[in-house]
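A.B. asks: Sending over a structure as structure tokens; questions will come in a sec.
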């Protein structure tokens, strides 16, 4: 586990887990010690130990693809509630709550806002830390382009619209994008390339 980002209100730890190097992010309120896990992807024993060490109270999923949900049953069995957007809920073996667009998830004094960004999957959701320059983008936006839309339920035109309208338009350029795989980027670095992605179709 590594400290991935820190400012006055939040500490973010990252674990890279599973066979295709999924990012699991622990979002910790520095004022209260409460934390949230974004994507119970894989290696459930490791994630469970880290949840217990960091004070995780709940788990949210960016989307329902298999590689992002392998640890969900184990964490639910351990008493953690798991939430996902309705559009992807059927992909989970079980869940405890649904995440609506623009919902605010409280983690101690932190406010984490859900932004529905369909395209990679129908229920893909990004999470913005209000008051900090951090966006968890799941598999919607990566360093260098949008997520894959060739899987069942994917829609390329939809992901381009989601990225342009829901992320690039409202968010400032300094926003750090933390994706579901790979390294960080920023809104400012990726925004100029939207037309290029549209033309190349990926």
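Computed from the coordinates by the stated procedures, all read-outs in this text should not be read as laboratory data. Remember, predicted model here, so these are calculated numbers, not experimental data. Counting neighbours? That spans all protein chains shown, and the Cβs are built from the backbone with ideal geometry, glycine included.
A.B. asks: Within segment 75-85, does at least one residue satisfy the condition of being in contact (Cβ under 8 Å) with a residue 12 or more places away in the chain, farther than 23 Å from residue 130 by Cα, out of contact with any strand residue (DSSP E or B) (no Cβ under 6 Å at 6 or more places or on another chain) and buried (at least 19 other Cβ atoms within 10 Å of the Cβ)?
C.D. replies: no
A.B. asks: Examine segment 23-43 for a residue that is over 17 Å from residue 135 (Cα atoms) and not in a loop (DSSP other than H, G, I, E, B), and state whether such a residue exists.
C.D. replies: no
A.B. asks: Right, here's the next one. Kindly indicate which of 128, 98 is touching a strand residue (DSSP E or B) at 6+ places or on another chain (Cβ under 8 Å) and within 27 Å of residue 7 (Cβ to Cβ).
C.D. replies: It is 128.
A.B. asks: Could you grab me the full set of residues in segment 146-180 that are in contact with a strand residue (DSSP E or B) (Cβ under 6 Å, 6 or more places away or on another chain) and either free of Cβ contacts under 8 Å to residues at least 40 places away in the same chain or in a strand (DSSP E or B) (or both)?
C.D. replies: Across segment 146-180, the qualifying residues are 176, 177, 178, 179.
Yes or no, residue by residue, for (1) over 17 Å from residue 67 (Cα atoms); (2) surrounded by fewer than 20 Cβ atoms within 10 Å (Cβ to Cβ); (3) touching a helix residue (DSSP H, G or I) at 6+ places or on another chain (Cβ under 9 Å):
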residue	(1), (2), (3)
96	yes, yes, yes
106	yes, yes, no
120	no, no, yes
147	no, no, yes
150	no, yes, yes
162	yes, no, no
171	yes, yes, yes
177	yes, no, yes
191	yes, yes, yes
